[in-house]
């Protein structure tokens, strides 16, 4: 019963969420300050991608939005060479829709969707025990940009700042998401060119 109530509350929040929002806070720190454990058990430091844009997405294998893995793989394939890194963060926080072990999650993602982008170990992404990256991103995003279901997306610029928060409702390869990715990559490229000249 508790699971059903939590799921119902989450779905209400999902359908009333703002599809895309800008950050409300410019607090100190950057996404590059945080580290996850990879799905293979190795350190996965976001700082290793300093200078690249990141799309960090909390994922789940048994969600109505699980097909978004395909869209994430598409944008990873399309924009990786331009400087985008997609990071999948499996989580069991919403509707207990990621009960699998890391090995099973990895096999599912690779087998069902051909996922090649980095995946972290399973993480808590909401509440007081949320991973520090998610505590930081939630504070940056403010109430309208906080994640409230699986497949919420945080776009991080090449400077490590949160640029945009996208709700689950927006697929990774939607026009709104890809327009923001292209804007971030173009601005970063322009900045890089200006420094080199």
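Taken together, the values in this text are just the output of simple stated rules run on the coordinates, not laboratory data. What you see is a predicted model, and the numbers here were worked out from it, not measured in a lab. We place every Cβ from the backbone using ideal geometry, glycine too, and count neighbours over all the protein chains shown.
Scoring 133-146, 51-64 by mean Cβ neighbours within 10 Å over their residues and listing the highest first yields 51-64, 133-146.
Take the Cβ atoms of residue 182 and residue 129, set R0 to 30 Å, and the FRET efficiency comes out at 0.25. Counting 0.36 nm for each residue step from residue 116 to residue 48 and taking away their Cα separation leaves a gain of 22.8 nm. Relative protection proxy for 67-74, 153-160, from highest mean packing down: 153-160, 67-74 (other beta-carbon atoms within 10 angstrom).
Can you tell me the order of 117-124, 42-49 when each peptide is scored by its average per-residue count of other Cβ atoms within 10 angstrom, highest first? Mind showing how you got there, number by number?
Values: 117-124: 20.1, 42-49: 14.9.
For the peptides 117-124, 42-49, the packing ranking is 117-124, 42-49.
Regarding the range 18-196, what is the average projected area of its C-alpha convex hull, in nm²? Before the final figure, lay out the partial values.
Details: hull surface 38.4 nm².
Approximately 9.6 nm², given one-decimal rounding.
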